[in-house]
Amino acid sequence: MPKASKKSKIPEGFDKIEPTLNKLLAKLKESQAKSLKTTNKNESLWPIYQINHQISRYVYSLYYERKTILSELYQYLLKQKYVNKDLIAKWKKQGYEKLCCINCIIVNEKNHENTCICRVPRKQLEDDGKDFDRCITCGCKGCSSID
């Protein structure tokens, strides 16, 4: 959860995006509380990943696509951890424009030393005869950039 430090001055324009951020952060907090009560570990985290993605995408679109916030405000949001800076960094790279979460591209044992199946284009999955509904890590239905 982001915390404003007393040393950091809140940049101009924060008051315009604060209501939306507060709504999304409230949804995130509610999802975190619900995830503690559920038994299925993987599915209980899906809403948290999705809201984290939504918050980061909101700020990303304001700064990079619409260019409606200043660099100082964007840097402040990164520094205060309102957004996932690693996810945003990947979105700027070709082929990762629709990436759902960082966990799906981390190569480790849970992904069989490969990226997650949600990163494979739907067309290729259909051609290979593989059935795919959702990613077990984050609940993504497919985030390949060519889908």
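What follows draws every value from the coordinates through simple rules; no lab data is involved. Computed from a predicted model, the values in this text were never measured in an experiment. Here the Cβ is made from the backbone with ideal geometry for all residues, glycine too, and neighbour counts use every protein chain on show.
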Residues of segment 108-147 satisfying the condition of being of a type in the set (Asp, Glu), part of a loop (DSSP other than H, G, I, E, B) and over 20 Å from the mean Cα position of the chain (by Cα):
Glu113, Asp128, Asp131
How do the pairs read when you match residues in segment 81-110 that are free of Cβ contacts under 8 Å to residues at least 24 places away in the same chain with residues anywhere that are surrounded by fewer than 16 Cβ atoms within 10 Å (Cβ to Cβ) and part of a loop (DSSP other than H, G, I, E, B), using Cβ under 6 Å and keeping only pairs 6 or more apart or on different chains?
Ile105/Thr115; Val107/Glu113
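Within segment 14-107, which helices (runs of 4 or more DSSP H) (wholly inside it) include 2 or more residues that are exposed (fewer than 12 other Cβ atoms within 10 Å of the Cβ) and of a type outside the set (Gly, Ala, Ser)?
14-37
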Tally up the residues in segment 17-30 that are farther than 15 Å from Asn84 by Cβ and touching a residue at least 12 places away in the same chain (Cβ under 8 Å), please.
4
